[in-house]
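See below for the structure under consideration.
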Amino acid sequence: MPLSFYMSISKTIRQTPILKIIKQEIFYFLSILLAAFIVLEVIWPNIILVYLNLNWLLVLWLISGITLLIKK
Amino acid sequence: MLKPFLTKWPFLFKFRLFLGVVLLVLIGLFLYLKIVPGGQITYSRSWPRGLATGKGFIYDFKPGERTAINDIGDSDSGTKANRDSLRIIAEPVYFSLFTPRQFNRAIMTITYRDNLSSTTPIIEAGVLKDKISGFYDLQPVQNNILDKLGSDWSRLEDSGRSFILQAAKNYSSAAEFKRDLASGNLKDCPAGKITACVALYNYSLPISYRLPENQTSAPLVINQPLRGAHQFYVYFNGPWHLDFDFTDLNLDQAADPIIVDVSFDDKIVASQTLPDENKAPISGEPENRSLALKGNSLAAGVYKVDIRVSDDIVINKIDSSSDKLSFINKIWPVSGSKNLTLFTDVTDLQAQTSSPASLQSLSFGGRRLALDKTYEPFNFLAGAGVKEIKLEKDDVVLAGNGVFSFSSHSLFNPNWQKIDRSFSSTAGAKYIIAGYQAPRVKNGLKTTQAEFNLSDAYRENGKYTFLISVPGLKTSDGTGDYLEIKEIKLELAGKTIFQKIKELF
């Protein structure tokens, strides 16, 4: 099973620019995560901020977005 | 089933599915932490904070000038200790505990190192119970007086955390002592003077004061305005009344409701509330209000009156059916009258003023003392017994462990002697009953626990307010004393999600 999974990934890598897809998907993921956290924070203040400084997530999201743009 | 997923489905789909699951898990995790379904959770704050990026649950240590945490890393010679801890250099220090939901009980565990002198033997922690009057439920953290007497006096274990200390070994069991205490005949104590013979710390006993038969009480009117929340004892026998005139100064934005509770034997027997429509906040235009309570005391005894108001309210007049009336622990006479005389039994008087016009030389127990700085508490010590306080100008907050009144005839203290920082084992107490556990010491750090009932604690915007108090700790005395906090941990317990659901149906 791990072998077939590896083969599946290898095949996909050969066919598409996988790194670009991963970067793009991570950017989407971080966008949704940031939006979800902001919505949760608006509904229940401090629910996220006590655990995590959202600025760090915002910086990560910006880096991810800039990387994506530079590659394009 | 897994094989087709791994081999046939496109990579993009699988990757998105993976990220989707991560997203849901993260959101679910935060919702779980918001709801706390099991009803129990622990929050902590330690110094240094490590890798934590969030603001944490325990924060907002203020006022900043009473802590030395801002000195972090400002030099490379000797401030390493500050970096590793929160230094409390003056008291009290307040902090907030954010909780995502309500809890009923909190156990606070404090790990600290104390660099305190013999003038600051007590450390206490408290939770805010009443926002209007600023009442905190204080619990012991450390009491060096009891720790020292614990080795000098004979100790009897009582239930839970409480114990009895006796100067001479008169009793061999707590049950025997309590039997004599209930009958009012303790060994080595003069008859009728039992409240002066037993000192309490974090322990309460019912008040059983009776006015001596040769004394009677007459009606009393106090026309001296008093600012903010006050509590007083008053002795009633038969029908009674209490009439109050208040003035709302309208100096601050918040509404100023007036609540007066009259209690007997720790049970409220009469209560009145005057809500504030707050039509003219911060206008500075005084607004007069009045309130009256009456009742019939079936048994003669001491009533406790709790006037719960903010500092924006002045009590202009108190009209009482009894002149046995003494203010408890604090009195704040205001409104510019000159040469005021008060009577008190406190031994450690604290005087403070925020008004430059009230700086003066006051007299306490016949000694003249300088009150020469605003916003700074001044402590004055005197011997036991009733003493006079003479003020040249009012608007001074007078506080201490005891009672205050405007005439020596009115002054009476029905309560048991309490252990405070000025307590002396040679002052007459033969027994001590305390609800206290000494801190554990490990590697030079002390650790102790304090338990709080949060069900009636004040909570605003999801935050409880706590304080750490070290009576007598201040920077102006130049002693360099401080309390160094390494960790504060709060174990909270409340209703489980199943109990909450059960309540709905």
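Details
- Sparse-neighbourhood loop sites, trypsin sites (Lys or Arg not before Pro) in the range B:266-310 - DSSP loop, at most 14 other Cβ within 10 angstrom: B:279
- For the protein assembly as shown, the dipole from Cβ point charges (+1 on Lys and Arg, -1 on Asp and Glu) about the Cα centre works out to 3240 debye, to the nearest 20.
- Projecting the Cα atoms of B:233, B:218, B:280 onto the charge dipole of the range B:206-323, computed from C-beta unit charges around the Cα centre, puts B:218 farthest toward the positive end.
- For chain B, the relative contact order works out to 28 percent when only alpha carbon pairs closer than 8 Å and six or more residues apart are counted.
- Toward the positive end of the charge dipole of the protein assembly as shown, with +1 on the Cβ of Lys and Arg and -1 on the Cβ of Asp and Glu, the farthest Cα among B:109, B:94, B:331 is that of B:109.
- The label point for residue B:409 and the one for residue B:119, both projected 7 Å from the Cα toward the Cβ, are 4.0 nm apart.
- Candidate membrane-span-like segments in chain B, meaning DSSP H helices with Cα atoms spread over at least 24 Å of their own axis and a Kyte-Doolittle mean of 1.6 or above, are B:11-35, with no membrane implied.
- Note on the protein assembly as shown: dipole from Cβ charges, positive end direction compared against A:28, B:191, B:432; the farthest Cα belongs to A:28.
- Here r is the Cβ-Cβ distance between residue B:187 and residue A:43 and R0 is 60 Å; the resulting FRET efficiency, rounded to 0.05, is 0.40.
- As a calculated quantity, the FRET efficiency between residue A:22 and residue A:52 at R0 = 35 Å, using C-beta atoms, amounts to about 0.90.
- Extension gain from residue B:252 to residue B:210, taking 0.36 nm per residue of separation minus the Cα-Cα distance: 10.9 nm
- Cα-projected label distance for residue B:154 with residue B:445, points at 7 Å along beta-carbon direction, nm: 4.0
- Charged-residue dipole, Cβ positions (Lys, Arg, Asp, Glu), the range B:276-333 about Cα centre, Debye nearest 20: 340
- Figure legend: label point modelled 7 angstrom from the Cα of residue B:52 along Cα→Cβ; residues of the range A:42-72 with amide N under 20 Å from it are A:45-57.
- Förster radius 56 Å - calculated FRET efficiency between residue B:273 and residue A:36, Cβ distance, rounded to 0.05: 0.80
- Range in chain B, longest, excluding exposed GluC sites (Glu not before Pro) [loop by DSSP; at most 12 other beta-carbon atoms within 10 Å]: B:278-505
- Mean per-residue shielding of peptide A:44-56 is 6, counting Cβ atoms of other chains within 10 Å of each Cβ.
- Helix-only [θ]222 nm of chain B, DSSP H runs n ≥ 4, -39500 (n - 2.57) each, per residue, nearest 500: -4000 deg cm²/dmol
Read-outs: derived from the displayed coordinates by stated rules, not from any lab. Owing to the predicted nature of the structure, the values given are computational and were not obtained by experimental measurement. A quick note on method: Cβ atoms are made from the backbone with ideal geometry, for glycine too, and the neighbour counts reach across all protein chains shown.
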